[in-house]
1. Is at least one residue of region 339-356 within 10 Å of the ligand (Cβ to nearest atom) and in contact with a Lys or Arg (Cβ under 8 Å, 6 or more places away or on another chain)?
2. Filtering region 360-377 down to residues that are within 14 Å of the ligand (Cβ to nearest atom) and surrounded by fewer than 20 Cβ atoms within 10 Å (Cβ to Cβ), which residue is modelled with the lowest pLDDT?
3. Can you tell me which condition E104 does not meet? The list is (1) of a type in the set (D, E, K, R); (2) surrounded by fewer than 14 Cβ atoms within 10 Å (Cβ to Cβ); (3) at pLDDT 80 or above; (4) outside any helix (DSSP H, G or I), and all the others hold.
4. Looking at region 428-444, can you tell me whether even one residue there is more than 15 Å from the ligand (Cβ to nearest atom), of a type outside the set (V, I, T), touching a Lys or Arg at 6+ places or on another chain (Cβ under 7 Å) and farther than 19 Å from I350 by Cβ?
5. Across region 123-136, which residue is nearest to Q112 (Cα to Cα) among those that are crowded, with 16+ Cβ neighbours inside 10 Å and not charged (D, E, K, R)?
6. For region 60-105: of the residues being closer than 15 Å to S117 by Cα and β-branched (V, I, T), which is farthest from the chain's Cα centre (by Cα)?
7. Restricting to region 283-310, and then to whatever is within 17 Å of K453 (Cβ to Cβ), out of contact with any strand residue (DSSP E or B) (no Cβ under 7 Å at 6 or more places or on another chain) and aliphatic (A, V, I, L, M), can you tell me which residue is surrounded by the most Cβ atoms within 10 Å (Cβ to Cβ)?
8. Is at least one residue of region 393-404 in contact with a helix residue (DSSP H, G or I) (Cβ under 8 Å, 6 or more places away or on another chain), at pLDDT 95 or above and not in a loop (DSSP other than H, G, I, E, B)?
Amino acid sequence: MLIGVAWFLGASISGRAASALFIAFIVIFLSAAAAVFFERASTVKRLKALTQTARLITGGDLTKRAPVVSEDDIGVLAHSFNTMAESLINASEETKVIISAIPEPLFVVNPQGNVVSANLAASGMVWRTEKELLHKSIRDILGGALVRRTESPEAGSGGGYDLGIAVADAILASRTAIFDEAFIKRRIFEVTVTTLRNYRGKISGSIVMMHDITHRKEVDKMKSEFVSLASHQLKTPLTTINWFLEMLLAGDAGDLTDAQKEYAGEVYGASRRMARLVNDLLNVSRIDSGKLKIEPTPTQLEDFVQGIIGQVVPVGGESKCGVDFEKPPEKLPQVPVDQNLLGQVLQNLISNAVKYSPPGRCQIMIKLENRENHDYCLSVRDNGFGIPKDEQKRIFEKFYRASNAALANSDSTGLGLYIAKWIIEAAGGKIWFESEVDKGTTFYLTIPLTGMKKKETVLQFPS
Ligand code: ADP
């Protein structure tokens, strides 16, 4: 177009002036075209530099900066970009500072289970520098350490298993998990694996946090040893007292007057209750220290249950409870159970049914069922006080007694059901109940068809 205009002007003024004008136009045109070309080339170059910087920063190199060579739009863009990179560095540094300030060992891992970041405490725990830990698999780092219990009640059957495998499995399955007791270099840790998600909800890795519970465990161990020692010391004289009282009441030392019989009977009752309490305390300390073993032997369940009923019901004799026992229609095969432990559980359920029922109109129904292809189910039903709804979820807790238990005016401790639950679940069964206030309560427990699972003492505290 410019050439057209030059030609038109040239044509209208003629001669040398016209050609000079034409050349001037051509020069102006070429200069403008060159300016546009160089401007474009420079813009493309700066944009390329900006893109390259963006790539490097996205790749993790937060030290890179875009060149700011002008005040134009691209210059402003590059400047804003650099400010953004600076904020990213600040945010990442802040996170690093927070992580390193946490006194407990902490690893941040990617979804494949490789370490992305680890704090000082974590390096110290495994005796490796943070650099040595980076990109290493958490399975290898924690491998070899043993873990005792997990969030699952079935686990922790005795010998302990590999912490590295347990943690890596939780990470790969994007599962939040808690491992109660992990033994690392003579210390004990509670290990928590928590899944991390980005702002879009996509899994971006996990945090493995270790909480040092060595001191708490030492105190627990001392408490447990004290209870165990005290209970053992109390058990022997109590057994002797009970023997002699039984002989006295049986008339082995001559006839007693009615008053003497009454007083000796009271002493005998109190001493038996104390023996039960001492036994419960011993069991709790064995459970807490992982020393309660389950040793099943083949047992004819119907006869065994009948025997336990015979032992418990006379004790609650004055309550005048009617007791029915419904056996399975066909004789059961012999089932391996730990007679001592299952006996204690049943005694507790039956004596509770007696204790928490109104004297004089108490009816207890005990039922043994063979739920074929499933399990053996034992239930103890009473028509007693029941357990208030809002207290039912706490009934298996250690030392818990429902508010209406006081009505029973009994010597309860709140330990029986805690022990029962531990024994039945450790043996592979289940225990639960249904209850309605003033109508009654039914406790159920199951035993696997293969019998109670054997349990050795579990991994011990490193001494
Ligand atoms: P204890 O009977 O020594 O208190 P347990 O652990 O056996 O200890 O029972 C805990 C609590 O559960 C009792 O204090 C009582 O409140 C409630 N409980 C247990 N069995 C029954 C039952 N059959 N009927 C009503 N309440 C019961």
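1. yes
2. So the residue we want is Q363.
3. (2) is the only condition that E104 fails.
4. Yes, the conditions are met somewhere in region 428-444.
5. Here the residue is L133.
6. The residue in question is V97.
7. L292
8. no
The values are calculated or read from the model by the stated rules, or taken from the named source; none is laboratory data. Because the structure is predicted, anything quoted here is derived from the model rather than measured. Don't worry about glycine lacking a Cβ; one is built from the backbone with ideal geometry, like all the others, and counts go over all protein chains shown.
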